Amino acid sequence: LGWHIDGIRGLVAPTTERGWKLRLALLEICRRGMATGRDIERLVGHATFIALLRREVLSVFASVYSYIQARYDVRSVLWPSVIRELTLFANLIPLIYQDLRASWTDDVMATDASEWGLGAVIARCSPADVARCGRLSERWRFRLSDARVGARKQAGVVSRSGDQIGGEVSVAETLKPGSWQEVPDVILKSRWRLVGRSKWKRQEHINVLEARALCYGVNRIARRTYNIGKRALLLCDSMVVT
């Protein structure tokens with residue numbers, strides 16, 4: 001698939017061959033200075049694939065999309081902004097990797113939103129407690145196609161491989177309150193501190209406002225230098241946004 005997994009260090013990254021091929025292709029098309037939008041589209045497609053590990057690197061692309069649309073079948077001189085963006089991405093390729101063994105930060109952020117404004121609080125918790133809470137995957141509860149299998153696994157009547165080991169259980173019985181692991185009290189009853197409270201500048205749909213509040217929390221966590229390279233736990237009551 002074009003990924004390299006370092007089992008010793010726990011790193012996942014594009015293979016060396018894939019990374020170098022894309023880097024050299026990007027720099028070569030910049031050196032030539034001419035291309036069709038279709039050519040750029042192909043390169044951006046390869047770039048998007050390897051950027052799935054670090055999606056923030058896609059933020060360097062802006063003018064390339066406009067160029068693709070404006071010059072799709074016409075070979076023309078590349079815009080200076082397009083050359084700059086392709087060169088930037090080529091230089092960022094060595095930084096595209098994920099550390100599967102990254103530790104958890106002890107900062108836990110909780111955000112909420114109303115039609116008036118946003119609110120954000122932060123608490124300092126034990127990394128061990130944060131890890132136990134953050135590693136729990138409940139996404140199956142929100143996909144109807146997986147709900148029945150997930151419910152049976154949660155109830156312990158089906159093994160992880162899917163083999164029957166007990167009686168039947170309904171989805172409704174398993175999804176009722178108290179039937180799944182909640183956010184532990186050791187986190188909920190922590191000493192929370194208010195770090196954000198502001199009024200919205202314009203009215204938008206509540207889902208958008210919840211997302212903006214969560215982004216505020218992400219920014220708050222990410223800009224602390226001691227959180228660099230760590231996983232973070234953010235709490236949000238909007239399942240759509242989550």
Distance in nm between pseudo-label sites at residue 11 and residue 56 (7 Å out along the Cβ direction from Cα)
1.8
Using +1 at the Cβ of each Lys and Arg and -1 at the Cβ of each Asp and Glu in the stretch 15-118, identify which of 93, 47, 77 lies farthest towards the dipole's positive end.
77
Below 14 angstrom from the Cβ of residue 121, what's the summed charge of the other residues (Lys, Arg +1; Asp, Glu -1)?
+3
For the stretch 1-137, average projected area of the Cα convex hull in nm²:
12.2
Rolling a 1.4 angstrom probe over the protein chains, ignoring ligands and nucleic acids, what is the accessible area of residue 235 in square angstrom, nearest 10?
30
If R₀ is 30 angstrom, what is the calculated FRET efficiency for the pair residue 48 and residue 28, using the beta carbon separation as r and rounding to 0.05?
0.95
Can you give the accessible area of residue 240, probe radius 1.4 Å, in Å² rounded to 10?
110
Mind checking the stretch 58-135 for chymotrypsin sites (Phe, Trp or Tyr not before Pro) that DSSP puts in a loop (not H, G, I, E or B) and that have at most 13 other Cβ atoms within 10 Å?
72, 116
Compare 111, 225 by solvent-accessible area with a 1.4 Å probe and give them largest first, with all protein chains kept in place.
225, 111
On a 1.4 Å probe surface of the protein chains, which of 36, 16, 105, 48 comes out largest in accessible area, and what is the full order?
16, 48, 36, 105
At a 1.4 Å probe radius, which order do 31, 202, 23 fall into by accessible area, largest first?
31, 202, 23
Whole-Hz ³J(HN,Hα) from phi, Karplus 6.51 cos²θ - 1.76 cosθ + 1.60, for the stretch 45-62, glycine and proline x:
x, 5, 5, 5, 4, 6, 6, 4, 6, 9, 5, 5, 5, 5, 5, 6, 8, 8
FRET efficiency estimate (nearest 0.05) - Cβ-Cβ, residue 20 to residue 204, R0 45 angstrom:
0.55
Measure of exposure for residue 85: accessible area at 1.4 Å probe, Å² rounded to 10, is 10
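The values are calculated or read from the model by the stated rules, or taken from the named source; none is laboratory data. Computed from a predicted model, the values in this text were never measured in an experiment. Note that each Cβ is placed from the backbone with ideal geometry, even for glycine, and that neighbours are counted across all protein chains shown. The accessibility values were calculated without ligands, DNA or RNA, using every heavy atom of the protein model including side chains. Shrake-Rupley method; radii C 1.70, N 1.55, O 1.52, S 1.80 Å.
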